[in-house]
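The next block holds one structure in the form of structure tokens; read it before the comments.
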Amino acid sequence: MEDKVIEAQGLIKSFRDGSGRGFNAVDGIDVEIGAGEIIGMLGPTRPESPL
């Protein structure tokens, strides 16, 4: 992809639930976003999730 504005490799996002257990909402993804592109990332929301 030409004109990359954002590039992330091996991206991980972790949260802790109400009981203190950790979980990965995103685990090891690679993302490239080009100039002028708009993206959205959706996924399930667990009841104990802080999201």
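The values are calculated or read from the model by the stated rules, or taken from the named source; none is laboratory data. Note that the coordinates shown come from a computational prediction; the quantities given were computed from them, not determined experimentally. In this analysis, Cβ positions are derived from the backbone assuming ideal geometry, glycine residues included, and neighbour counts consider all displayed protein chains. Accessible surface areas use protein heavy atoms only, side chains included; no ligands, DNA or RNA. Shrake-Rupley method; radii C 1.70, N 1.55, O 1.52, S 1.80 Å.
Filtered by the rule that a residue be surrounded by 11 or more Cβ atoms within 10 Å (Cβ to Cβ), within 13 Å of ALA8 (Cβ to Cβ) and in contact with a Leu (Cβ under 8 Å, 6 or more places away or on another chain), segment 25-44 gives VAL26, ILE29, VAL31.
When the criteria are applied in full, ALA8 fails the requirement of being modelled with pLDDT under 85, out of contact with any His (no Cβ under 6 Å at 6 or more places or on another chain) and open to solvent by less than 60 Å² (accessible area, probe 1.4 Å). Number of residues in segment 11-24 that are in contact with a Phe, Trp or Tyr (Cβ under 9 Å, 6 or more places away or on another chain) and open to solvent by 80 Å² or more (accessible area, probe 1.4 Å): the value is 1. Considering segment 6-20, the residues that are within 15 Å of the chain's Cα centre (by Cα) and not charged (D, E, K, R) include one that is farthest from ASP30 (Cα to Cα), namely PHE15.
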